[in-house]
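**Student:** Sharing a structure with you now.
The values are calculated or read from the model by the stated rules, or taken from the named source; none is laboratory data. A quick note: this is a predicted structure, and the numbers were derived from the prediction, not measured. Ideal geometry is used to build each Cβ from the backbone, glycine not excepted, and the neighbour counts take in all protein chains shown.
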Protein chains: 2
Amino acid sequence: MATLQVPAYVPAPSEDAEQLRHAFEGWGTNEQLIIDILAHRNAAQRNLIRKTYHEAYGKDLLRSLDEELTSDFERAVVLFTLDPVERDAHLVNQSTKRFTSSNWVIMEIACTRSSLQLFNVRKAYHALYNKSLEEDVGDYRKLLVPLVSAFRYEGDEQEVNMSLAKAEAKILRDKISDKEYSDEEVIRIVTTRSKAQLNATLNHYNTAFGNFFNKDLKADADDEFLKLLRAAIKCLTVPEKYFEKVLRQAINKVGTDEWALTRVVTTRAEVDMVRIKERTVRLSRKQLPEILLETMRKCFLL
Amino acid sequence: MATLQVPAYVPAPSEDAEQLRHAFEGWGTNEQLIIDILAHRNAAQRNLIRKTYHEAYGKDLLRSLDEELTSDFERAVVLFTLDPVERDAHLVNQSTKRFTSSNWVIMEIACTRSSLQLFNVRKAYHALYNKSLEEDVGDYRKLLVPLVSAFRYEGDEQEVNMSLAKAEAKILRDKISDKEYSDEEVIRIVTTRSKAQLNATLNHYNTAFGNFFNKDLKADADDEFLKLLRAAIKCLTVPEKYFEKVLRQAINKVGTDEWALTRVVTTRAEVDMVRIKERTVRLSRKQLPEILLETMRKCFLL
C-alpha cells in the first residue's frame, strides 16, 4: 500500500484541479485518475485542490465527485477526501437520500460523536447543503431529531446525580412495563442526559430490576424502532461494542460490506479503532481479514 | 444618568473583586456598593473582575450576585454584568426555576437569536450550570425543546423553495382545520425551517387561504400552548412586533414591569431597539415613558 503515500513531487493545486476536471469530462469518468490524485495528497493539499477547483470551475469538488462516483470503493475516495466534520455531514446527507437511506448511520453519528463535533457537523451541513440537517431527517423523527439536535453536557462520572439516576431508572422501568417504548419521557432521558448520567441510570436499572434495559427493549425483536433505540443506547454507552458488531457483520457477510467497513474505519480511525480492533479479534477468534487492515493502512497513511 | 459612565480612575480588578466580596459579607448585602462597581465598568473590565474574583475566592461572581440580589433592579445589575450569550443562558436558567419560571422567555430567546448565538447560549449553559439547557426545560417540551435545540439554516429570501412553501402551507392548513395544533408536522415546520422559508410558507398560507396563520391559531384564545405557539411564530417572523408588544404591556401595567423592560432593552439594545422603539412610539401614540429611556441610556453607556 506504499503507493498511497504522498509522492516526492506534488503538482500545483491548479494542475491537480485541472486533471480532476478532465477526469469528469467526456464519456465515462476516469476513476483511476481521480484516485491517483486524491489518494496521494494529504488533507491540507486536498483542501487546496478543492479551493482551486471551486475558483476555476465554480463548483464544489465534492459535488462533482458525488455525481461521478458510484461504486463502494469510489465512494470511499470521497470519504477520504473530506475532513471529519464534513465527512459526517456527507454521510448523514447520503443517509437521507432514497437509495442510500440509513437511519442507522444518522443515529450512529448523533450518538458517538462529542457534543461539539456533532454541532460542527450541523454547521458543515448548512455550508454544504444549504439547509439544516434536522430538516432532512425523514423517518423516526421522534427519536432521531432530538438525537441529532442534542448538545449533551459532557460531565464525568463524578458529576452524576445518583438520585436523578434512580428516579429516571424507575421512569424507564414503568414505561417499558407498559410497553410505552416511544413515550416522551423515554425519549427525553435518552436524548438529553449526559452520557455519564445515562450510564448511571442504566446501571441502576440493571441493579434494581435485575435486567439490562436493552434486554427489556427486546420484547419485540422485529420492531424497527426498538432496534434503533437499542442501537442508540449501545452507541451512547459502549460505542466500541457497537462498532465491533458493525465490523463483524460487514466482514462475515458474503462479499464483505465494504461500505460499512470503510465508514467505520475512516470515522473511528483516530478515536477508538484500537479498542474496536481488540474486541473484533477477541470475539471473532480470528485475525481481522486482510481487507480491514488494508483499509486501516489507507486511513493512517492519508 | 451620567453617573453610569466609566470613571476616569478605575481601580485594579483585584481591588474591585475585594470590594465586591466585602459587599456580600456580613449581615445583609451592600447593594449600592455592588451597583457602584459593576455599573461603572465596561464589559472588558467586568470580565477581568469576574476572573480575578474567581481566582481569589474560588466562586463565580455571577453565582454570588445571584444569591445576594433579589429585587428587579438588582437582577438588572446581573443582566448588565453578563455578556450577551451568558445573559441569555442566565435568563433561560431563571425561567426554568420555580418562582421565576417563564416559558415565554425560553421561547423568546430560542426564536429571536441567530442560529449561532442560540448555540453559544447552549454552550454557555453547560459552563455555567453543568448541564444542558434542554434538560431544564419543563413545560411544553414538545414545542420548546425543538425550539431551543434548533440550528436553523440562515438562507435569505432568494434561497426559499416556493413549492415546499406551498406544500407546507397546505399541511399547516389541514392540521389547523382538524384542530391538531400540536401535530408533529406543525412542530416540524415551525421548529426546523429557516426563518425565510417559514415566512414564505406563512405568506402563502395567507394568500391561499385568506387568513393569517396566527389568526387561525386563535381558535381557543385561552389555550396556553396556542398562545405560546402564536408568540413563537411572531418572534420568528416579526420579532420587533413581538418585542414592541412586550414593552407596551410592561409600560402600561400598573407599577411598570421593570423586569420585562430591562430584559427586552438589555437583550435587544444592539439588535433592533431602534425599530422596536419606532413601533412603540407609533402604536402607543405617545412618547416612551422616561423609565424606558433611562434604561436604554444605561444600556448604551455600559
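**Student:** Among the residues of region A:238-266 satisfying the criterion of being at pLDDT 80 or above and in contact with a Lys or Arg (Cβ under 7 Å, 6 or more places away or on another chain), which is farthest from A:Arg193 (Cα to Cα)?
**Tutor:** Within region A:238-266, the first condition is being at pLDDT 80 or above, and the residues that meet it are A:238-250, A:260, A:263-264.
If we keep only those that are in contact with a Lys or Arg (Cβ under 7 Å, 6 or more places away or on another chain) too, we end up with A:240-244.
Numbers: A:Glu240: 20, A:Lys241: 21, A:Tyr242: 20, A:Phe243: 22, A:Glu244: 25 Å.
Looking at the filtered set, the residue picked out is A:Glu244.
**Student:** Another question, if that's okay. Does region B:220-235 contain any residue that is surrounded by fewer than 17 Cβ atoms within 10 Å (Cβ to Cβ), within 10 Å of chain A (Cβ to nearest Cβ) and not hydrophobic (A, V, I, L, M, F, W, C)?
**Tutor:** Checked region B:220-235: no residue is surrounded by fewer than 17 Cβ atoms within 10 Å (Cβ to Cβ), within 10 Å of chain A (Cβ to nearest Cβ) and not hydrophobic (A, V, I, L, M, F, W, C).
**Student:** Among the residues that make up region A:158-170, is at least one of them in contact with a Pro (Cβ under 9 Å, 6 or more places away or on another chain), within 13 Å of chain B (Cβ to nearest Cβ) and crowded, with 22+ Cβ neighbours inside 10 Å?
**Tutor:** no
**Student:** Now for a separate question. Would it be correct to say that A:Val85 is under 27 Å from A:Gly155 (Cα atoms) and at pLDDT below 95?
**Tutor:** yes
**Student:** For region A:201-212, check the following and say yes or no: at least one residue is at pLDDT 95 or above, farther than 13 Å from A:Ile176 by Cα and within 14 Å of chain B (Cβ to nearest Cβ).
**Tutor:** Yes; the residues of region A:201-212 include at least one that is at pLDDT 95 or above, farther than 13 Å from A:Ile176 by Cα and within 14 Å of chain B (Cβ to nearest Cβ).
**Student:** Of the conditions (1) closer than 22 Å to B:Tyr125 by Cβ; (2) under 21 Å from the mean Cα position of the chain (by Cα); (3) aliphatic (A, V, I, L, M), A:Leu164 clears all except one; give me its number.
**Tutor:** (2)
**Student:** While we're looking at this one, here's another question. Residue check: is A:Val78 touching a helix residue (DSSP H, G or I) at 6+ places or on another chain (Cβ under 6 Å) and within 14 Å of chain B (Cβ to nearest Cβ)?
**Tutor:** So A:Val78 fails the test.
**Student:** Same structure, new question: Let me confirm something: among A:Val186, A:Val246, A:Val238, A:Val190, which residue is away from every other protein chain (no Cβ under 14 Å) and buried (at least 16 other Cβ atoms within 10 Å of the Cβ)? Walk me through how you get there before you give the answer.
**Tutor:** On the way: A:Val186 fails: away from every other protein chain (no Cβ under 14 Å); A:Val238 fails: buried (at least 16 other Cβ atoms within 10 Å of the Cβ); A:Val190 fails: away from every other protein chain (no Cβ under 14 Å).
Matching residue, one of A:Val186, A:Val246, A:Val238, A:Val190: A:Val246.
**Student:** Moving to a separate point now. Would you mind stating whether A:Leu65 is out of contact with any strand residue (DSSP E or B) (no Cβ under 8 Å at 6 or more places or on another chain) and modelled with pLDDT under 90?
**Tutor:** yes
**Student:** Out of all the residues in region B:83-101, which are surrounded by 18 or more Cβ atoms within 10 Å (Cβ to Cβ) and among the hydroxyl-bearing types (Ser, Thr, Tyr)?
**Tutor:** If the condition is that a residue be surrounded by 18 or more Cβ atoms within 10 Å (Cβ to Cβ) and among the hydroxyl-bearing types (Ser, Thr, Tyr), then B:Ser95, B:Thr96 are the ones that fit.
**Student:** Let me ask something else. Can you tell me which of A:Lys215, A:Lys175 is at pLDDT below 95, over 26 Å from B:Tyr129 (Cβ atoms) and more than 9 Å from chain B (Cβ to nearest Cβ)?
**Tutor:** Values: A:Lys175 fails: at pLDDT below 95.
One residue alone meets the criteria, A:Lys215.
**Student:** Which one is modelled with the lowest pLDDT, of the residues in region B:69-82 that are touching an Asp or Glu at 6+ places or on another chain (Cβ under 8 Å) and closer than 20 Å to B:Glu25 by Cβ? Step through it out loud before you land on a result.
**Tutor:** Step one: list which residues in region B:69-82 are touching an Asp or Glu at 6+ places or on another chain (Cβ under 8 Å), which gives B:69, B:72-74, B:76, B:78.
Going one step further and asking which of them are closer than 20 Å to B:Glu25 by Cβ, we end up with B:69, B:74, B:78.
Values: B:Leu69: 69, B:Glu74: 64, B:Val78: 70.
In this case the residue turns out to be B:Glu74.
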